[in-house]
Amino acid sequence: MFKYEEIYEKLSARIAESKPNQGFWTEMEVARHFRISRSTARKAMNMLYKEGAVYRKTKAGTFIAPARNGKKLAIVLPFERSNNHKIVDAVLENNARFGYEIDTFFSELNVRKEREILENVLRERYDGLLFLPSGDSEHAELISRFVLGRVPLVLMDIELSGFDLPLVCSDNEGGYREIVTRFIQKGYKKFLFVMPVAGTMNSVHDRYRGYCRALLENGIPVRSEYVFRSSVFDESYLSLSVKEQNVVQAKSARKLYEYYLALDDKPDAICFINDVSAAYFVNFLQRYDRELLDRLVIIGFDGLSMSQKLHFSTVCQNFYAIGKYALLTMDGLFAGETPKSQTKIGTRTVLWEKENK
C-alpha cells in the first residue's frame, strides 16, 4: 500500500465519525498532522474529493460531504479535453454538497455517438441530465422523450431550437461587444466577421450581435462585405471524422484568405466565432503570408491556450461557473423550483497586440 493510500484510509475513518458539512482538514493540515509531504497529502485528499467524501468552498475551506441522496445524474459533453474538464470539475466539486451519483460521457463532437449516449441515459433511467450539445437542432425526438418523461434537463452553452429548457451559458453578446470595442478604442475601424452558413446556434447569433453593437455604438456602419459566410459548420460537418473536419477547416481558411485579398477596402481585423477557426487561419497565414499575419488583428472566442501560443486575442469563458450553475439549476429543479430560462456567465477578454510580438 502506498503512503497516500494509508493516509486516505485514516482520513476516511475520521470522516465516518464526523457530521455532514462539518469543517475538515486542509491539505496543509493533513501534511502537518501526519508529518508527510504536501504531495502525499494532496494525493490522499484528491481521492476523497473524487469520491465525493469532502468538498471545497472558495475562501472557506474543506467540509464533510453529506451522504449520497440516491439521485443519479448524467453529464454529456463534446470533449474530455479542452475546457470541458473545467465543467466536470465544477460539477463534481459542487456536488459534494448534494450527494448525487454522477456519470460523465463524451461525444467527441460525433452526432451518432451523442445520440447513442442520450439513448443510454434514457434507457438507464437517470434522474437528470446536464447537457452541452454538439449543435442546436440534433436529436429532437430524444429530447422530446426527456421532456415528456419529466426527466429534468439543463443545457450548457448551447440552446436547443424549439425547446424551452433552462440554459446556463456565457454572455456571448457582451463578450464580443467588449473585445471589439476595446480594439475600436485603440484605433481599429474595419472588422471582418466570419459567420458560418449554418450559424443558427444561439451563441453564434449572440456573438455576431455583440460585434454589431460594438460597431454601431461607436458610429461604425455594419458592412455586408465584411461578413464572410463560411461553410465549415454546415449540417454535415459534425458527422465527419476529426481528420475530415481538419480538411474542411483548412479549405475554409484558404477561401477566407482569397476573399480577403479580393476586397478593395481591406479590413484590419478578422473576427471568428471560436478559437479553433481562428487558429486554422493563423496557421494558414504562418505558412503562406506572414506579412499579412503581422498586420492583421485576429479575434477568437473561448479562451483556449492555443490563442496565447498563436498570438491572437480571445474572449475567455468561465466554464467552471457554467458547470457550477448548471448543477445548482438542476438541484433547484429537483426541489420543485422554477428555474431561470437563461443564466448568463460573465466573460473576460485577452488582447494580443502586434507590438507584443
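So in the range 168-178, with the set limited to residues that are touching a strand residue (DSSP E or B) at 6+ places or on another chain (Cβ under 7 Å) and buried (at least 24 other Cβ atoms within 10 Å of the Cβ), which one is farthest from Tyr320 (Cα to Cα)? Among them, the one singled out is Tyr176.
Look at (1) within 17 Å of Asn84 (Cα to Cα); (2) surrounded by fewer than 22 Cβ atoms within 10 Å (Cβ to Cβ) and you find that Leu351 fails only one, number (1). Of the listed requirements (1) over 22 Å from Tyr288 (Cβ atoms); (2) more than 22 Å from the chain's Cα centre (by Cα); (3) modelled with pLDDT under 90; (4) aliphatic (A, V, I, L, M), Val242 misses just one: (2). Would you mention how many residues in the range 112-121 are of a type in the set (A, V, I, L, M) and over 14 Å from Ala140 (Cα atoms)? Number satisfying all stated conditions: 2. Quick one: is Ala321 farther than 30 Å from Lys57 by Cα and not polar (S, T, N, Q)? No. Checked against the criterion of being over 25 Å from the mean Cα position of the chain (by Cα), small (Gly, Ala, Ser) and over 19 Å from Cys169 (Cβ atoms), the range 204-220 has at least one qualifying residue.
Annotation: Ile75 fulfils all but one of (1) in a strand (DSSP E or B); (2) buried (at least 19 other Cβ atoms within 10 Å of the Cβ); (3) touching an Asp or Glu at 6+ places or on another chain (Cβ under 7 Å); (4) not aromatic (Phe, Trp, Tyr); the unmet one is (3). Can you tell me which residue is farthest from Gly128 (Cα to Cα) among those in the range 98-114 that are of a type in the set (A, V, I, L, M, F, W, C) and assigned to a strand (DSSP E or B)? Looking at the filtered set, the residue picked out is Phe106. Of all the residues in the range 83-103, those that are over 15 Å from the mean Cα position of the chain (by Cα) and of a type outside the set (D, E, K, R) number 8.
The values are calculated or read from the model by the stated rules, or taken from the named source; none is laboratory data. Keep in mind that this is a model prediction, so the values were computed, not measured. Every residue, glycine among them, receives a Cβ derived from its backbone with ideal geometry; neighbour counts consider all protein chains shown.
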